[in-house]
Amino acid sequence: MKGKAPIFFVAALALLAIVETANALLAPWRVAGEADWAAAAAEVRAGFRDGDLIVFAPYWADQHGRAVLGDKMTLEMAGHADTDRYRRIWQVSIRGAQAPDVGALKAAHRSQHGKVAVALFEKDAVEISYDFTAHADEARVTQSTIAGGNETPCYRNGEGFRCGALQIEPRTLEIDYQPRRGILAPPEGGRSTRLEFADVPMGRTLVGYTGIHDYFSRKNADGPVDFKVLLDGQERLAQRTVNADGYKRFSVDTAALAGQKHTVRFEISAPDPAWRTFGFHVESRK
């Protein structure tokens with residue numbers, strides 16, 4: 001048996017060498033060329049309508065996809081929270097991949113351009129009655145102790161608000177390694193940051209997402225951030241977010257308030273605020 005062992009290892013190494021050589025020779029044939037990407041982009045451009053969504057699969061092909069279709073992609077599209085507001089979704093993909101955004105939807109149209117595939121998905125879409133990120137400048141931003149008490153107003157600073165050393169502002173966040181459009185609202189120790197929106201046209205639900213922005217923040221700490229939603233001063237949601245939650249969805253039933261205007265307040269706090277670059281995005285949906 002001992003004499004056969006060297007032969008076995010030599011055979012295994014030879015097989016490994018053959019596999020690696022085959023992969024090296026075949027790899028170039030699997031790569032989509034510039035002409036393939038250009039042809040796929042031309043089809044999307046020809047059929048694209050305002051309000052459509054463009055996604056790429058697998059996700060790591062996103063950069064190449066934006067190189068050929070980036071001018072059609074707004075910041076809102078690139079950092080979309082979900083696909084609920086979109087009626088039509090264009091998927092540009094390679095290697096048979098499917099984007100999570102299209103889920104189990106069936107394509108209304110498919111085409112192949114060399115190694116790049118294009119698929120168009122159509123579905124029902126929800127109507128947005130109020131986008132809090134888009135209206136971040138309408139917020140009244142204050143701070144108070146977590147226990148309550150007098151509020152200290154934060155002052156306007158650029159596109160956002162300055163609360164002591166903290167900047168609260170709308171921006172493109174990096175949550176769960178993807179761009180996410182939302183409001184950056186890092187907490188401060190012992191204090192609650194409050195963003196209050198008056199006269200919000202209410203739909204049937206408030207749908208939102210929370211997460212920790214920036215890879216280095218998630219690397220350097222893992223403490224929780226507490227997020228509350230209040231309607232006319234009444235608490236309707238209390239959610240705790242940690243690194244592992246990624247982009248965490250929530251919803252609040254507001255059917256009884258639909259068609260009316262009400263005050264919505266968000267409160268952010270954390271037991272240990274170090275490296276807690278918290279971000280959130282919320283929409284009132286009809």
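Miscellaneous remarks
- Count of residues meeting criterion [surrounded by fewer than 19 Cβ atoms within 10 Å (Cβ to Cβ), of a type in the set (A, V, I, L, M) and either in contact with an Asp or Glu (Cβ under 6 Å, 6 or more places away or on another chain) or not in a loop (DSSP other than H, G, I, E, B) (or both)] in the stretch 258-267: 0
- Residue list for the stretch 63-88, restricted to those being within 21 Å of ALA134 (Cβ to Cβ) and among the β-branched types (Val, Ile, Thr): THR74, THR83
- Of the candidates ASP62, ASP52, ASP82, ASP71, the single residue that is within 17 Å of GLU283 (Cβ to Cβ) and within 22 Å of the chain's Cα centre (by Cα) is ASP82.
- Within the stretch 219-238, the only residue that satisfies the criterion of being in contact with a helix residue (DSSP H, G or I) (Cβ under 8 Å, 6 or more places away or on another chain) and surrounded by fewer than 15 Cβ atoms within 10 Å (Cβ to Cβ) is ASP222.
- Applying the criterion of being among the small types (Gly, Ala, Ser) and under 20 Å from the mean Cα position of the chain (by Cα) to the residues of the stretch 165-200, the residue that is surrounded by the most Cβ atoms within 10 Å (Cβ to Cβ) is ALA185.
- Matching residues, the stretch 268-286, being assigned to a loop (DSSP other than H, G, I, E, B) and either touching a Ser or Thr at 6+ places or on another chain (Cβ under 6 Å) or over 18 Å from ASN243 (Cβ atoms) (or both): TRP275, THR277, LYS286
- ILE168 touching a residue at least 60 places away in the same chain (Cβ under 8 Å), within 30 Å of THR263 (Cα to Cα), touching a Ser or Thr at 6+ places or on another chain (Cβ under 9 Å) and in the same structural domain as ARG194 (by TED's automatic domain parsing): no
- Residues that are of a type in the set (A, V, I, L, M) and within 24 Å of MET202 (Cα to Cα), drawn from the stretch 113-162: ALA125, VAL126, ILE128, ALA134, ALA136, ALA139, VAL141
- Scanning the stretch 239-254 for residues that are surrounded by 13 or more Cβ atoms within 10 Å (Cβ to Cβ) and outside any strand (DSSP E or B) yields VAL242, ASN243, ASP245, GLY246, TYR247, THR254.
- Residue count, the stretch 74-86 (criterion: in contact with a Leu (Cβ under 9 Å, 6 or more places away or on another chain) and not small (Gly, Ala, Ser)): 5
- Residue check, ALA32 buried (at least 18 other Cβ atoms within 10 Å of the Cβ) and at pLDDT below 90: yes
- Within the stretch 40-67, the residues that satisfy the criterion of being modelled with pLDDT of 95 or more and surrounded by 15 or more Cβ atoms within 10 Å (Cβ to Cβ) are ALA40, ALA41, GLU43, VAL44, PHE48, ASP52, LEU53, ILE54, VAL55, PHE56, ALA57.
The values are calculated or read from the model by the stated rules, or taken from the named source; none is laboratory data. Bear in mind the structure is a predicted one, so any value in this text is a computation, not a measurement. Cβ atoms come from the backbone with ideal geometry, glycine included; neighbour counts cover every protein chain shown.
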